[in-house]
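Working notes, structure below.
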Amino acid sequence: MLKIITLIGARPQIIKAAALSRAIRNNFSDKLKEVIVHTGQHYDENMSQVFFYELQIPAPDYNLNIGSASHGKQTAAMIVGIEEILEKEKPAYLIVYGDTNSTLAGSIAAAKMQVPVIHIEAGLRSFNKAMPEEINRILCDHISTRLFSPTKAGYLNLLKEGFKENNSPPYSADNPRIYHCGDVMYDNSLYFSTVAEQKTGIIGRLDLQKGQYILATIHRNNNTDEPKRLSSLFRVLLKLSSDERISIVLPLHPRTAKLLDKNLEANLHQQVKKSPFIKIIPPVSFLEMIALEKNCQLVMTDSGGVQKEAFFFKKPCIILRSETEWVELVECGSAILTDADEKKIEDAYHHFADKPNLQFPELFGDGKAAEFICSELLK
């Protein structure tokens, strides 16, 4: 029995881990033993605990309860806690996801203890090192033993950075193996798509008409922490919803909710609160988010995960950033980069409202990425 540690710390990682846990439970329970470690990087009842229940993930075996702090303090505290667990459990592999501080801390701790790091979502690049996530993902990739890229573009990024194709085993951080495997989030979206409709009533509860509302999410630091950018985003949301008389549903990250009073122009904040079209709601569960994505007209987001989920459900997406790791979405025309530019956001909305012939090619695999990853770990 091969023991692996799955490291999670934020909502998207909990969701990604669900695909792997499900694959182990259904197909590899006699070969793989999974130990789940939650760093507690982000913790909120609606943002964490409900996901374990809803996605049928086993409760974490360990929770470090790190909480919020500066990048340095948070990462350092995680490294200490993860080292202790690795020493106790002695796993064959440490599995990390994406690009959070938890990902970086786990990778550093494991690599220095000679525990092979498995990076799921390897190779993604925004080519903007001002983003903490870009630093995390690059450093993690370059100390990993096996790197599973969800897209061809990610795989090619790794080749450009000096990784080699089809290395021969034994694999190590000095002789890593890279794969183009498909996306575990696509696995999840396919699996939970029907369940979401059956188990949530959020569309009716919010009095929404299918295909007649915009789903928006805003949470990235450079959008929430800069008053000018935050005000620009809410100003255009207010204008679009009023001019087009269309509802905008905005599940608000707890951090963003706290910053509205501080960083949003006072008059604009009052207008947003009084608007009959803007529905600001608490964070939603994964199944509720799937239902909202599946039934909306269009998505506006600064979230990497939500960009992909919009694509999975064949919804046009306005990306409220200046760059994206998911360049394929922009290249095929299903998404438009606008940053926080009000005119670009309006123009993008009207472009999609004119119903262009959008293409949604099969970029993210066959829905069995998690099974492929498990099989490779056992080779």
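Computed from the coordinates by the stated procedures, all read-outs in this text should not be read as laboratory data. Not measured: the values here are computed from a predicted model. Every residue, glycine among them, receives a Cβ derived from its backbone with ideal geometry; neighbour counts consider all protein chains shown.
GNM remark for the chain: springs join alpha carbons under 10 Å apart, and the peak mean-square fluctuation among L20, L159, L287 falls on L159.
What whole number of Å gives the distance from the Cα centroid of segment 200-230 to the Cα centroid of segment 87-161? For segment 87-161 versus segment 200-230, the Cα centre distance is 30 Å. Among Y97, Y186, Y53, which one shows the highest mean-square fluctuation when the chain is modelled as a Gaussian network with alpha-carbon springs under 10 Å? Taking springs between Cα atoms under 10 Å, the residue moving most is Y53. A cut-off of 5 Å between modelled amide H atoms, ignoring neighbours fewer than 5 places along the same chain, links I95 with I5, T6, L7, I118. Taking Cα centre as origin and charging only the Cβ of basic (Lys, Arg, +1) and acidic (Asp, Glu, -1) residues, the dipole magnitude of the chain rounds to 320 debye. Taking the longest Cα principal axis of the chain as reference, the axis of helix 184-199 is set at about 50 degrees.
Compactness of the chain is given as radius of gyration and Dmax, 20.4, 62 Å, from Cα positions. Computed about the Cα centre, the dipole magnitude for segment 75-230 is approximately 280 debye when only Lys and Arg (+1) and Asp and Glu (-1) carry charge, each at its Cβ.
Rounded to the nearest 500, the helix-only mean residue ellipticity at 222 nm of the chain stands at -14000 deg cm²/dmol, with each DSSP H run of n ≥ 4 adding -39,500 (n - 2.57). In summary, the convex hull built on the alpha carbon positions of segment 201-353 has an orientation-averaged projected area of 8.0 nm². Rounded to the nearest Hz, the phi-derived 3J(HN,Hα) couplings of segment 272-278 under the Karplus curve 6.51 cos²θ - 1.76 cosθ + 1.60 (θ = phi - 60°) are 4, 5, 8, 5, x, 9, 9, where x marks glycine and proline.
Starting from the Cα-Cα distance between S70 and A353, subtract it from 0.36 nm times their residue separation and give me the gain in nm to one decimal. Write down the numbers at each step before the final one.
Values: separation 283, 0.36 × 283 = 101.88 nm, distance 4.13 nm.
So the chain would gain 97.7 nm between S70 and A353.
Within the listed set K314, K262, K33, the residue fluctuating most in the Gaussian network model of the chain (springs between alpha-carbon atoms under 10 angstrom) is K262.
If you take the charge dipole of segment 201-353 about its Cα centre, with +1 on Lys and Arg Cβ and -1 on Asp and Glu Cβ, which of A266, I214, F234 is farthest toward its positive end? Of the options given, the answer is A266. Think of each Lys and Arg Cβ as +1 and each Asp and Glu Cβ as -1; about the Cα centre, that makes the dipole of segment 201-353 roughly 540 debye.
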